[in-house]
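Notes for the one structure printed next.
Every read-out reported here was derived from the displayed coordinates using simple, explicitly stated rules and does not represent laboratory data. Quantities reported herein were computed from a predicted structural model and do not represent experimental measurements. Neighbour counts are summed over all protein chains in view; Cβ atoms, including those assigned to glycine, are modelled from backbone coordinates with ideal geometry.
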Amino acid sequence: MTLDDCRLIELPKISDPRGNLTFVEGNHHIPFDIKRTYYLYDVPGGSVRGSHAHRNLHQFIIAMSGSFDVVLSDGISDHRFHLNRSYYGLYVCPMMWRTLDNFSSGAVCMVLASAPYEEEDYIRDHDQFLREVLAP
Ligand code: TYD
């Protein structure tokens, strides 16, 4: 999979004067089965999260409130995505180095993930990431 596979995906939005509604179905709106959900909140200004890659995990990142940036790198090029709406999100395929920054106050970052938490799936050292991703 490549950086081009990582893309913003717009979700269904049921507009209603009583309040809008959006939903996500795994293997339908996003290209994997959802096995875990987690969220970042109360993020102090200037914080940087992420700074790691996953060997096998697929993720879908949504700004449920406020805004933040996600920078993805495949080891050769990178791309900065700005997330600021709860009706779309960023699909992140495996073996992408990701950094989250530029959090607004009150930002809530929700992540849908394809597998339960598994520390062995993380690559936390950038040189190790480059060795694995650029290996022939
Ligand atoms: P980490 O994924 O490194 O955070 P981020 O990428 O947002 O900066 O996780 C931070 C800590 O939380 C780490 O000790 C692992 C733990 N954690 C879990 O126990 N379960 C989870 O599902 C997640 C995402 C993290």
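Couple of notes before you dig in:
- Output for region 6-32, where each listed residue is surrounded by 13 or more Cβ atoms within 10 Å (Cβ to Cβ), away from the ligand (no atom under 16 Å from the Cβ) and over 22 Å from N84 (Cβ atoms): G26, P31
- Against the conditions (1) closer than 18 Å to D4 by Cβ; (2) touching a Leu at 6+ places or on another chain (Cβ under 9 Å); (3) buried (at least 17 other Cβ atoms within 10 Å of the Cβ), M95 satisfies every one except (2).
- Every residue from region 118-135 that is within 13 Å of the ligand (Cβ to nearest atom) and either basic (K, R) or under 22 Å from H29 (Cα atoms) (or both): R124
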